[in-house]
Amino acid sequence: MSQLRAEISNRLVKFLDLDTDGRRRLVLEAILDSGEVTVSSLYKVIKKKFETSRKVVASMIGYIYSKLGILRAYKKSYRLPTIYVLREQYVDLVRSVLKSSAGP
């Protein structure tokens, strides 16, 4: 495993270790399942299971995008919301970390 992948794996494990109620795990699983998400689409998935705000979901996506570095972001038009896509090279890494880490 390259040094970058090892660092991202460690960050993912720490990110999930701080998950007390399963929200972070659900966010990662939803991103993994759907491939590409917006804040609104992810919020709809999360609010089915947890009482949360759109700001919390946006913050979590921002953290995953900036600190973990496993997402790619783009906009089709300046009027449309930002679309976040799990980078192809990290799909297997996220899947393996989710499988190996214990749920809350």
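We did not get these values from a lab; they are worked out from the coordinates using the rules stated. In this text the structure is predicted, and so the values were computed from the model without any measurement. Positions of Cβ are generated from backbone atoms using ideal geometry, with glycine treated the same way; all protein chains shown enter the neighbour counts.
Tell me whether segment 34-45 contains one or more residues that are touching a strand residue (DSSP E or B) at 6+ places or on another chain (Cβ under 7 Å) and among the acidic types (D, E).
Looking through segment 34-45, at least one residue is touching a strand residue (DSSP E or B) at 6+ places or on another chain (Cβ under 7 Å) and among the acidic types (D, E).
Just to be sure before I move on: is V85 without any contact (Cβ under 8 Å) to a residue 60 or more places away in the chain and farther than 16 Å from S9 by Cβ in the structure I sent?
Yes.
Take the conditions among the hydrophobic types (A, V, I, L, M, F, W, C), within 11 Å of the chain's Cα centre (by Cα) and closer than 22 Å to A102 by Cα and apply them to L42. Does it pass?
Judged against the criteria, L42 is not a match.
Enumerate the pairs (first residue in segment 28-39 and touching a residue at least 12 places away in the same chain (Cβ under 8 Å); second residue anywhere and of a type in the set (K, R) and outside any loop (DSSP other than H, G, I, E, B)) with beta-carbon separation below 7 Å, excluding pairs fewer than 6 apart on the same chain, so at least 6 apart or on different chains.
So the pair list comes out as L32/R95; V39/R54.
Please verify whether segment 57-72 includes one or more residues that are without any contact (Cβ under 8 Å) to a residue 24 or more places away in the chain, of a type in the set (A, V, I, L, M) and exposed (fewer than 10 other Cβ atoms within 10 Å of the Cβ).
no
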